[in-house]
Structure formats: structure tokens, C-alpha cells
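Any read-out appearing in this document is the output of simple, stated calculations on the displayed coordinates, not a laboratory observation. Just so we're clear, the structure is a prediction, and the values are computed from it rather than from any experiment. For neighbour counting, all protein chains shown are included, and Cβ atoms are generated from backbone atoms with ideal geometry for every residue, glycine included.
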Amino acid sequence: MVSLTAPYVSGFLAFREVPFLLELVQQLREKEPDLMPQVLLVDGNGVLHHRGFGVACHLGVLTDLPCIGVAKKLLQVDGLENDALHKEKIRLLQTGGDSFPLLGGSGTVLGMPTGVPLPSLSQALKSHDRSTRPLYVSVGHKMSLEAAVRLTCCCCKFRIPEPVRQADICSREHIRKALGHPGPPAPRSLKAQRPKACPRGDSGESAGSAPGPHRQADRTTSRGRCSAAQLQLRQR
């Protein structure tokens, strides 16, 4: 876990986050060179950027590794707008892997929004397969746009590519443990159910079942208390 000291400035995210990412890549290169990745997927933009040089470009140049920018929202630069025309193009992304180029006002193709393949295992997941929220893929470093889109699609088990998704899951879990926060709530089926209130004279066992030894002891104690109370009333 690191502490960010640089202030957040729109368009300069790389100067805030890349130094820590670069340090991790260098540590991996020194300690486990056999595990060095062939390509990096970054939760951010590459050439789809105000200055044409986003966090994926910055990290790629400093590490000299192929790098892809994968953003969840459209960065509206060079005339790109999330307007009715853009939304209509998104609506036409019918199948996982469908895509269309992001053509800026300067005539440059800045990136490619792509609908990623999703498993049709339940209705909740099928809703994503209709590409209501595409990913925005852009070149970072040493990578063509076509290859970047294909690699991103191949890494997608759900909407977000697994390298990015798993990094997010693991980092959140690490922070949770470091701060001592409780884990996620247990599924409803695993939660201990609160015992129902028993009618008078009923110990809570289901019909036809024999009471356990502790239940039998409770019954005996209760009966003894009732007998003692009745005896006191009779004596009065």
C-alpha cells in the first residue's frame, strides 16, 4: 500500500500513479525476470488523451513494454462527444467483440470502443453482453490498435479484462485487511437464522424429533421451577 503525495490534476494522472507502477515493474524484473509480462493492460487511456499521451503511454515508455489503455468511460477529447450519435453506435454493438473506431475531429483514430464477450449464465450477465457500457481501448506503447483490441477481448471473462479486474479485486482485499475492516457479508443462505419464538410449553424441536440432552435438561429445570412455584402458591 502506498501514499499518494502528488495532487490530482486532470490530464496528468500519470505523474501521480506511474512512479509506483514503475517501481513494481522494476522489482519484478530484478527478482522474478521469468515472470515479466509481455504486455501491460492499464486502467486508463493511451493516445486517447488531451495531449495524446495518457498513463498507458507514460508507463509503456518508461518500462519499454507493450502497453494498452483500457478505460471504462469515454474521455471527450479532439471533438469526441458522448452524444446521441455515439450512443447509437454503442447500441449497434450487438455481439461480444464488435467495435467501431473513435475518429477525432483532427481525423486521427484515437481508440476503439469494444463490446467484450460475456458468459450468458444468468440474466444479470446477459445484460452486459448487449454492450450498454463498452470499454474504450487505445494504444499505449509498442502496440497496434487492432492488436490492442484483440488482446483486450481475449482477456475478458466479464466486462473488465481479467488482468485489470483481478488487480482491482486483490488490491481492495489487501486494503480491507490492512485497515482491519470486516469482510463482505456472508450469503443469506450461510447466515445463522434467528430461532423463532416457541409457543408456551414448546422447546423448539420439530415435530417427531427427539430432544437433545441439553434440551431435556432445560425442560427438567423448567418443570422443576414450575413445580416449586405451584407448591409455594398452595402453601399460601
Volume of the Cα convex hull of segment 14-179, divided per residue and given in Å³: 139
Taking the DSSP beta bridges in segment 14-179 as the whole, what percent of them are antiparallel, to the nearest 5? 80
Charge context of P163, other residues only, Cβ under 12 angstrom, K/R +1, D/E -1: -1
Burial-style ranking of 39-46, 69-76, 90-97, 13-20, average other-beta-carbon count within 10 Å with highest first, yields 39-46, 69-76, 13-20, 90-97
Add +1 for every Lys or Arg and -1 for every Asp or Glu among the other residues with Cβ under 12 Å from the Cβ of D43, and state the total. +1
If you count, for each residue, the other Cβ atoms within 10 Å and average over each peptide, how do 132-138, 151-157 line up from highest to lowest? 132-138, 151-157
